[in-house]
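Structure, as structure tokens:
Only the coordinates and a few stated rules stand behind these numbers; no lab work does. Here the structure is a predicted model, which means the values were calculated and not measured. Cβ placement follows ideal geometry from the backbone for every residue including glycine, while neighbour counts extend to all protein chains displayed.
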Amino acid sequence: MLAVVLGTATLAGQSRITNGQLETRPAARPLEGEIAAATARGGARWVGYRIRIAGGRRSMDCFDRGRVALEPAAELSILARFEGAALVRLRTATPDCEIDAGGLPVTWLEGVKADDSAAWLNSLVTATPSTGERYDRIAKPALVALALHDGTVATRSLVGVAREHAMPRMRSDALFWLAQRAGDQAASTIVEAIDRDPDTEVKKKAVFALSQLPKDEGVPKLIDVARNNRNAIVRKQAMFWLGQSNDPRAVKFFEDILLK
């Protein structure tokens, strides 16, 4: 089924796309194949779809802040701007936002599979330089979308970026977002970065990521880092975030140090 609408359209009773020519189609093949088909006609266009947000994750408000939802959205709209086959920008929005397409065609894909979306977003993160305009326009929003993304493929992708990406900035950002997802895999990856990452700035960001975990998980790990890590800068960072925690275990840790 293919629908073409001019002007304003509402997707599944939520997103409103204005000032554009909307084409809605089911995603009958992997996401990369659907994108290739949509962009094969050339010219500038947007391709969009929706994903479920991982439970407990916080989403953003609309771009213009004209409407603020008191309850977090359960889904996230992902919109990619192409010039021919080249991706030039990625945007995200909650489904209740009004989206102005700027007069361009919009291909909206229904039923995109979560694993396909996570794999595509991960490919954008790993293939985009971590500095310059393409980082700000593509890699950074792709990483945020991946962090909000429901599913284990998204978690594994973030772990991979945190462990393996060549650029420290990417590893640091992935560690931060892993902390927002919490879970055993997130915590172990953060601790691994503190122990093994070659860049001290990444280690410091990993310590901050520990402070973002639920306190019963993060505080004991921060105490262990403050006591035992061989890097003095890392130990100092752990002590700083313990001091911000207002946790009784942190208070006892400092008391023990002062009494020695």
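Key figures for this structure:
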read-out: Loop-located trypsin sites (Lys or Arg not before Pro) in segment 186-246, at most 14 other Cβ atoms within 10 Å (DSSP); value: Arg230
read-out: Overall Cα dimensions of segment 161-232, principal axis frame, Å, largest first; value: 31, 28, 15
read-out: Karplus (6.51, -1.76, 1.60) ³J(HN,Hα), θ = phi - 60°, over segment 155-161, in Hz, Gly and Pro reported as x; value: 5, 4, 5, 4, 4, x, 5
read-out: Stokes-Einstein translational diffusion, segment 109-260 - Kirkwood Rh over all Cα pairs, 1.567 mPa s, 4 °C, in µm²/s; value: 80
read-out: Ser123-Ser188 FRET efficiency (beta carbon distance; Förster radius 22 Å; 0.05 resolution); value: 0.35
read-out: Note, ³J(HN,Hα) from phi for segment 219-227, Karplus 6.51, -1.76, 1.60, rounded to Hz, x at Gly and Pro; value: 4, x, 5, 4, 4, 4, 5, 5, 7
read-out: Efficiency of FRET from Cβ geometry, Thr18 and Ala74, R₀ 35 Å, rounded to 0.05; value: 0.90
read-out: Max mean-square fluctuation residue, GNM over the chain, Cα-Cα springs under 10 Å, options Leu121, Leu210, Leu104; value: Leu104
read-out: Arg41-Asp96 FRET efficiency (beta carbon distance; Förster radius 35 Å; 0.05 resolution); value: 0.70
read-out: Overall dimensions of the chain as given by Cα atoms, namely Rg and Dmax in Å; value: 21.1, 74
read-out: Neighbourhood charge, 10 Å Cβ-Cβ cut-off, centred on Arg45 and excluding it, Lys, Arg +1 and Asp, Glu -1; value: 0
read-out: Helix-only mean residue ellipticity at 222 nm for the chain, each DSSP H run of n ≥ 4 adding -39500 (n - 2.57), per residue, nearest 500; value: -15000 deg cm²/dmol
